[in-house]
1. Collect residues whose amide H, placed 1.01 Å from N in the peptide plane, falls under 5 Å from the amide H of V136; neighbours closer than 5 in sequence don't count.
2. For the Cα atoms of the chain, what angle does the longest principal axis make with the long axis of helix 111-134, in degrees from 0 to 90, nearest 10?
3. Placing +1 at every Lys and Arg Cβ and -1 at every Asp and Glu Cβ, with all other atoms neutral, what dipole size does the range 1-156 have around its Cα centre, in debye to the nearest 20?
4. Against the longest principal axis of the chain, how steep is helix 95-105, in degrees 0 to 90 to the nearest 10, with axes from Cα atoms?
5. Find the lysine pairs in the chain meeting two conditions, Cα atoms under 19 Å apart and a separation of 8 or more places or different chains, and report how many there are.
6. Please compute the volume of the convex hull spanned by the alpha-carbon atoms of the range 111-157 and report it per residue in Å³.
7. Could you calculate the contour length gain from L152 to K137, that is, 0.36 nm times the residue separation minus the distance between their Cα atoms, to one decimal place in nm?
8. Work out from phi, with θ = phi - 60° and the Karplus expression 6.51 cos²θ - 1.76 cosθ + 1.60, the ³J(HN,Hα) of each residue of the range 82-91, listed in order in whole Hz, and give x for Gly and Pro.
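The values are calculated or read from the model by the stated rules, or taken from the named source; none is laboratory data. These numbers come from a predicted model, not from an experiment. Backbone-built Cβ (ideal geometry, glycine too); neighbour counts: all protein chains shown. Calculation scope for accessible area: heavy atoms of the full protein, side chains included, ligands and nucleic acids excluded. Shrake-Rupley method; radii C 1.70, N 1.55, O 1.52, S 1.80 Å.
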Amino acid sequence: SGQTQPESMVVQRTGAETLFFWFRCLMSLTVLGYCFAVTLVALFNEQTTMWEGVPPIVALLIFFILLSVVGMLEGMQIAFFAVAKLQPSERGESYFAKKTCDLLFKGGGNNLPGFMIGRQLSVVSCMFFVARVTSVKLAEGDDNIFGVSDGLQELFNTGLLGALMLTIVGSIAWQLVASAFPLAFLANPVTYVFLRICLLFEAIGICSGAWVLAGIHATLAGFQRDEVYIGTAEERAMKNMN
């Protein structure tokens with residue numbers, strides 16, 4: 001908290017570029033609002049693929065919670081990679097930021113890719129429920145939502161609106177914030193809890209085949225760690241001092 005946006009994140013635009021930028025923002029927000037409107041109407045009219053017996057208000061509440069969970073996981077991914085190349089002394093003084101980094105980078109740094117596996121499992125798990133809420137399904141004889149044409153209703157039925165909502169609200173928005181304020185993400189105690197959960201999911205082993213495939217890919221491509229080319233954060237700091 002109290003952090004300001006880094007100067008490197010501030011984009012200087014001409015008047016025409018600024019106008020075009022805000023036009024796109026307004027267009028995107030309008031489309032997003034319409035997507036939410038269609039989804040909420042379908043949900044409360046019981047015209048989605050939500051399981052029978054789940055009250056719409058409960059489904060809506062869980063939907064927003066899971067949307068936040070997915071967003072947090074997306075932001076954590078960005079924040080972790082942003083601090084991975086920093087020295088420990090540059091990662092802030094927050095208690096939870098230190099605990100998160102200690103857990104993330106211990107043991108040769110294998111917990112970072114381990115988090116990536118667990119994160120993906122967590123996101124996929126959330127998607128099972130989110131997809132149920134956002135997938136529109138009209139019963140035979142039902143009127144189209146908002147009286148739209150059959151063609152547009154067919155577009156609603158594809159689940160595209162839900163995908164767009166999740167992309168903007170549950171992914172990109174969180175990533176943009178995390179890329180500008182990675183240390184604030186690390187200082188959040190929820191980040192530490194989610195990291196523990198993701199590592200637990202990875203420890204189950206159901207996706208451990210990814211380690212083998214990644215190793216084969218790295219060997220065939222001849223990849224080496226970045227430190228081989230640019231040195232560790234400490235080595236780069238020493239060069240700058242000299």
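1. Placed amide hydrogens put G159 under 5 Å from V136.
2. Roughly 10 degrees between the two axes.
3. Details: 10 positive and 13 negative charges, 178 e Å.
For the range 1-156, the charge dipole is close to 860 debye.
4. Long axis of 95-105 versus the principal axis of the chain: about 80 degrees.
5. On the way: K85/K98; K85/K99; K85/K106; K85/K239; K98/K106.
Lysine pair count for the chain: 5.
6. Working: hull volume 4.1 nm³, N = 47.
In the range 111-157, the Cα hull volume divided by residue count equals 87 Å³.
7. Working: separation 15, 0.36 × 15 = 5.40 nm, distance 1.32 nm.
Stretched out fully, the L152 to K137 stretch lengthens by 4.1 nm.
8. 5, 9, 4, 9, 8, 6, x, 5, 9, 9
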